[in-house]
Amino acid sequence: MDTETLLIHAARQTATAANSVSPPLVRTSTTVFDSFDAYKQAQGALVFDGPRYGRSGTSTTFELQRAMAQLANTETCIATSSGLAAITAVLAAHTGPGRHILVSAGVYGPTRVFCDNELIPSGTDVEYFAPDADVSSLLRETTSLVFVETPASLTMEMWDVPAICAAAHDRGIPVACDATWGTPIFFDAHALGVDISLHAATKFINGHSDLLLGLITGTHDALAGLRAYCDRSGTHAAPDTCWLTLRGLRTLAVRMERHQRSALTVAQWLQSQPSVQQVLFPALDTDPGHKLWQSQFSGAAGPFTVELAPCSEDVFTRFIDHLSLFRLGTSWGGFESLVMPAVPHHLRALAAPANAPRLVRFHIGLENPQDLCEDLASALTAVHGGGDVDSNLQKTIVG
Ligand SMILES: *Cc1c(COP(=O)(O)O)cnc(C)c1O
């Protein structure tokens with residue numbers, strides 16, 4: 001079945017009972033049973049996979065988890081309260097005193113903060129590795145997990161996921177991947193060898209900027225330790241959130257297609273602007289990660305990062321504040337365009353040199369891309385004055 005069809009027809013098992021198209025929203029703390037036998041059976045069954053107690057989910061949670069597992073071409077899925085909660089659960093379940101993990105450099109900032117402030121002080125040896133590192137030479141007897149996020153947050157470097165998985169699997173070590181950027185629509189993580197794929201469903205998967213949710217997919221075997229950890233630690237996703245995400249999921253394929261088209265249009269236009277030094281977006285053939293992107297992804301909807309020519313803090317502030325369609329805010333993946341001045345986490349500790357290029361992250365929403373380019377052109381003109389921005393803009397948009 002094609003993905004677009006799957007997204008419409010998956011996860012509607014409980015809809016028939018209510019004679020509705022969408023499955024009903026079931027919220028409860030207590031699940032009740034018709035008999036002691038049924039109760040015992042439920043308590044013995046897989047947690048987060050069927051009715052047991054509110055914390056392990058309701059039929060609404062299970063519908064979303066089944067849909068996500070199907071979409072990711074794997075067996076099972078566990079929902080968490082946020083993307084970060086998914087990340088910390090995966091990390092916590094695979095670490096401990098004396099263990100060593102490899103984490104790709106340039107991961108999502110809060111992932112690194114968790115490693116540095118929780119894992120390292122409690123005795124896990126966390127080693128960050130670069131895109132060109134020979135992973136097999138970094139693996140140790142004590143290595144318990146390789147964690148990769150592709151592309152890197154903000155700096156957008158691509159990682160050779162199949163090579164990383166091959167090296168880790170040679171030694172029986174699982175690989176987890178933060179696959180939020182690609183979503184299962186454009187990034188088939190498990191087919192590339194990833195054991196545990198995790199997503200901030202907060203972003204594209206829900207797509208409506210009105211909730212936080214994490215989703216973790218993999219085989220039953222790959223998620224067994226994590227499932228037990230989530231059970232012990234009270235990991236939970238609210239049924240309301242799962243219900244809304246299921247609604248977002250129905251349109252994921254068509255939204256991604258449109259996000260992709262508009263992101264490419266805007267990125268290419270930005271590339272032609274004199275005040276733009278570089279656009280970091282692996283879908284562009286000028287990007288250093290383009291070949292890896294082509295071999296691992298079937299598409300790209302952004303977000304992407306733009307390196308503006310060096311400028312003073314005042315000029316930079318004026319540029320950001322002049323934008324009107326691009327609202328200033330963290331996060332991305334919703335219907336609305338966003339802009340965020342970007343300071344990669346590993347550079348944050350260093351004092352930025354006065355003449356350093358300015359990094360800005362853009363998320364291209366579902367607005368008309370010409371309106372978005374006009375908004376950008378107007379902000380660039382306000383900063384750098386004059387220039388034949390409008391005719392340049394027209395030329396790009398028409399094509
Ligand atoms: C936003 C984001 C997260 C965190 O998700 P939340 O739901 O906001 O906690 C994790 N990884 C990546 C790559 C993200 O962009």
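Computed from backbone phi, the HN-Hα couplings of segment 132-141 come to 9, 5, 8, 4, 4, 7, 9, 6, 10, 4 Hz, rounded to whole numbers (Karplus: 6.51 cos²θ - 1.76 cosθ + 1.60, θ = phi - 60°; Gly and Pro given as x). Looking at the square roots a ≥ b ≥ c of the eigenvalues of the Cα gyration tensor of segment 1-124, which shape do they give, rounded for a/c under 1.5, prolate if a/b is larger than b/c, or oblate? Taking the square roots of the gyration eigenvalues as a ≥ b ≥ c, segment 1-124 is oblate.
Counting only alpha carbon atoms, the long axis of helix 161-170 and the longest principal axis of the chain meet at about 40°. Helix 252-271 and the longest principal axis of the C-alpha atoms of the chain enclose an angle of approximately 20°. Expressed per residue, the C-alpha convex hull volume of segment 59-209 stands at 111 Å³. The distance separating the Cα centre of segment 242-290 from that of segment 23-67 comes to 38 Å.
Quick one: putting +1 on the C-beta of Lys and Arg, -1 on the C-beta of Asp and Glu, what dipole do you get for segment 81-134 around its Cα centre, in Debye to the nearest 20?
Dipole about the Cα centre, nearest 20: 200 debye.
Footprinting exposure proxy ranking of Val26, Val146, fewest other C-beta atoms within 10 angstrom first, gives Val26, Val146. Each of Arg258 and Leu366 was given a label point 7 Å from its Cα along the Cα-to-Cβ line. The distance between the two points is 0.4 nm. The share of C-alpha pairs in the chain whose separation exceeds 40 Å stands at 19 percent. Could you give the angle, 0 to 90 degrees to the nearest 10, between helix 220-233's Cα long axis and the longest principal axis of the Cα atoms of the chain? That helix lies at roughly 90 degrees to the long axis.
The Cα-based radius of gyration of segment 171-320, divided by its Kirkwood radius, gives an Rg/Rh of 1.04. The calculated FRET efficiency for His9 paired with Ser233, based on their beta-carbon distance and R0 = 30 Å, is about 0.35.
What ranking of Ser59, Ser324 emerges when the number of other C-beta atoms within 10 Å of each C-beta is taken as an exposure proxy, fewest first? Please list the in-between numbers first.
Values: Ser59 20, Ser324 9.
Ordered by Cβ neighbours within 10 Å, fewest first: Ser324, Ser59.
Given segment 128-236 reduced to its alpha-carbon atoms as identical point scatterers, what log10 I(q)/I(0) does the Debye formula return at q = 0.10, 0.12, 0.19 Å⁻¹? Log-scaled intensity ratios, in q order: -0.31, -0.44, -1.06.
Any read-out appearing in this document is the output of simple, stated calculations on the displayed coordinates, not a laboratory observation. Given the structure is predicted, the values throughout are model-derived calculations rather than measurements. Cβ atoms come from the backbone with ideal geometry, glycine included; neighbour counts cover every protein chain shown.
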